[in-house]
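Participant: Here you go, one structure.
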Amino acid sequence: MTEPSYFMPPEWAFHKATWLSWPHRLETWPGKFEPIPAVFVEIASWLSSSEEVHINVLDESMEREVLALFRNTHHPQLQMDHLFFYRIPTNDAWCRDHGPNYVFRQEEGRSEKIILNWEYNAWGGKYSSCHEDNAVPERIAALQQLPLVSLTMVLEGGSIDVNGKGLVLTSEACLLNPNRNPALSREQIEQELCRYLGIEKVLWLGDGIVGDDTDGHVDDMARFVNETTVVIVVEDDPTDVNYEALQENYNRLKTYTDLSGNPLDVVKLPMPAPLSYDGFRLPASYANFYIANTVVLVPTYNCAQDQQAIDILQKFFPGRKVVGIDCTDLVWGLGAIHCITHEEPAFPG
């Protein structure tokens, strides 16, 4: 009997749905929670024009509250019949990291969609309670009656990005951090990624952006936009705290090749103007965009670089509308659009 093989589609592959976990933890946005549900409504409304939107809520009461928000929004893109609610409790709203990692498993000539259940420990134990978040993939698998493969390695969705052709982007600052998998070597971590994501080569970046409490998630730094092209945020101001790390990551990425030995196309994205709240530098980045079936949602921060980032990304998605979403409030929770979304791929073909 042959060993099964696994394949994680890239984000631009056709989606069945996007998953969200509705925000409810006031401490995530201290003193600034009030505007957050409206940001989620805007994001979900745009997504509903593209595909199904599956929303995790705590209970029946929250479901009624969230439904009322949508019914009162009058957003021109909103498709109410594309919204689906599931009473799956969460500790927080970062579905990218606690949500289901869908992959396709090939075994004896048969392909099936499954969920990988990586361990989740609240970004290296930074928050005391994460048991509900850690249970989300298992609960969704049971709900959808999909096979579940539970793994012992800690891995968050925001720490990886695949191109569908054997490459994965990640960062040493996150995956090699002793607060994640102290018993695993770099080689062992690479083996797990290769086996379960269907990749053959790991592209390691270094440190992440300042203010990111995930220890350097790659979705704040660099993203594949097609099989051969990576966009990467670069800070051009030598006096900025992000300058050195992002320049180093850019230079490192320029040395990487695909599986055929061809250099990757590396395209610079600007960094937004520095954004702080209560004296704390926030992890604002244009790399935290999300690719849906017909739209690409890009975080914006009320600065001159917003349109430049949108224009750069639009070139790579001619069949999708690139839409800016004001995330100056959302990023106070230390994440943006990619952090709150998780794609569910459709079966190929």
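Participant: Under a 5 Å amide H to amide H cut-off, with H placed in plane at 1.01 Å, what residues pair with TYR6 once short-range neighbours are removed?
Facilitator: Amide H neighbours of TYR6: GLN106, GLY198.
Participant: Take the Cβ-Cβ distance between THR294 and GLU34 as r, set R0 to 35 Å, and report the resulting FRET efficiency rounded to the nearest 0.05. List each step's numbers first, then the result.
Facilitator: On the way: r = 31 Å, r/R0 = 0.87.
Efficiency for this residue pair is about 0.70.
Participant: Separate question: Compute the length gained on full extension between ASN226 and LYS201: take 0.36 nm times their separation in residues and subtract their Cα-Cα distance, giving the result in nm to one decimal.
Facilitator: Separation in residues times 0.36 nm, less the Cα-Cα distance, equals 7.4 nm.
Participant: Based on the mean of other beta carbon atoms within 10 Å per residue, what is the order of 93-106, 68-81, most packed first? Intermediate values should be presented prior to the final figure.
Facilitator: Numbers: 93-106: 23.4, 68-81: 12.6.
The packing order, highest mean first, is 93-106, 68-81.
Participant: Then there is this: Which of rounded, prolate, oblate describes the stretch 77-128, given a ≥ b ≥ c as roots of the alpha-carbon gyration tensor eigenvalues and a/c under 1.5 marking rounded, otherwise prolate only if a/b is larger than b/c?
Facilitator: Values: a/c = 2.99, a/b = 1.14, b/c = 2.62.
Oblate shape, in that a/c is at least 1.5 and b/c is the bigger or equal ratio.
Participant: Quick check: residue separation of SER260 and SER61 times 0.36 nm, minus the Cα distance between them. What number comes out in nm?
Facilitator: Values: separation 199, 0.36 × 199 = 71.64 nm, distance 5.35 nm.
Answer, rounded to one decimal: 66.3 nm.
Participant: Between the stretch 44-101 and the stretch 288-348, what is the separation of their alpha carbon centroids in Å?
Facilitator: Value for the Cα centre distance between the two parts: 18 Å.
Participant: Moving on to the next point. Check LYS16: other-chain or 5+ apart residues with amide H under 5 Å from its amide H, H built from backbone geometry?
Facilitator: Excluding prolines and chain starts, which carry no amide H, the hits are GLU344, ALA346.
Participant: A further question on this structure: In straight Cα distance, which aspartates and glutamates are under 14 Å from LYS315, not counting same-chain residues fewer than 8 positions off?
Facilitator: Cross-link targets: ASP265.
Participant: I've got another one for you. Under 29 Å between alpha carbons, and skipping anything fewer than 8 positions from LYS113 in its own chain: which lysines qualify?
Facilitator: Those lysines meeting the cut-off are LYS16, LYS165, LYS201, LYS321.
Participant: Now, a different point. Classify the stretch 1-60 as rounded, prolate or oblate from the Cα gyration tensor: take a ≥ b ≥ c as the square roots of its eigenvalues, call it rounded if a/c is under 1.5, otherwise prolate when a/b beats b/c and oblate if not.
Facilitator: Values: a/c = 2.80, a/b = 1.92, b/c = 1.46.
It is prolate, given that a/c is not under 1.5 and a/b is the larger ratio.
Participant: Something else: Give me the net charge of GLU344's neighbourhood, meaning all other residues with Cβ under 10 Å from the Cβ of GLU344; Lys, Arg count +1, Asp, Glu -1. Walk me through the intermediate numbers first.
Facilitator: On the way: positive: LYS16, LYS113; negative: GLU51, GLU52, GLU343.
Surrounding charge for GLU344 is -1.
Participant: Can you work out the FRET efficiency for the pair LYS16 and GLN314, with r the C-beta to C-beta distance and R0 = 25 Å, to the nearest 0.05?
Facilitator: Values: r = 25 Å, r/R0 = 1.00.
E between LYS16 and GLN314, to the nearest 0.05, is 0.50.
Participant: Antiparallel versus total DSSP beta bridges in the stretch 64-218: what percent is that, nearest 5? Don't jump to the answer; show the numbers that get you there.
Facilitator: Working: 9 of 18 bridges.
Counting DSSP beta bridges with both partners in the stretch 64-218, the antiparallel share is about 50 percent.
Participant: Once the dipole of the chain is set up with Lys and Arg at +1 and Asp and Glu at -1 on Cβ about the Cα centre, which of LEU269, SER50, LEU330 lies farthest towards its positive end?
Facilitator: Working it through, the farthest residue towards the positive pole turns out to be SER50.
Participant: Would you work out if the chain is rounded, prolate or oblate? Take a ≥ b ≥ c from the square roots of the eigenvalues of the alpha-carbon gyration tensor; rounded if a/c is under 1.5, else prolate when a/b is larger than b/c, oblate otherwise. Mind showing how you got there, number by number?
Facilitator: Working: a/c = 1.32, a/b = 1.04, b/c = 1.27.
It is rounded, given that a/c, with a ≥ b ≥ c, falls under 1.5.
Participant: Next question. I'd like to compare 204-211, 339-346: which one has the highest average count of other Cβ atoms within 10 Å, and what's the full order after that?
Facilitator: 339-346, 204-211
Participant: Residues with beta-carbon under 13 Å from that of PHE280, excluding PHE280: net charge, scoring Lys, Arg +1 and Asp, Glu -1? All intermediate terms of the calculation are to be shown ahead of the outcome.
Facilitator: Numbers: positive: LYS32, ARG281; negative: ASP212, ASP213, ASP278.
Net local charge, PHE280 excluded: -1.
Participant: Could you work out how far the C-alpha centroid of the stretch 1-29 sits from that of the stretch 156-178, in angstrom?
Facilitator: The stretch 1-29 and the stretch 156-178 have Cα centres separated by 14 Å.
Participant: Further question: What does the extension gain come out to for ASN251 and GLU112, with contour length at 0.36 nm per residue minus their alpha carbon separation?
Facilitator: Values: separation 139, 0.36 × 139 = 50.04 nm, distance 3.89 nm.
Going from the current span to full extension adds 46.1 nm.
Participant: Residue by residue through the stretch 152-168, what is 3J(HN,Hα) from phi via Karplus (6.51 cos²θ - 1.76 cosθ + 1.60, θ = phi - 60°)? Round to whole Hz and write x for glycine and proline.
Facilitator: 8, 6, 7, 8, 10, x, x, 8, 9, 8, 10, 10, x, 10, x, 10, 9
We did not get these values from a lab; they are worked out from the coordinates using the rules stated. Predicted model, so just to flag it, every value in this text is computed and none were measured. Glycine gets a Cβ as well: all are built from the backbone with ideal geometry, and neighbour counts include every protein chain shown.
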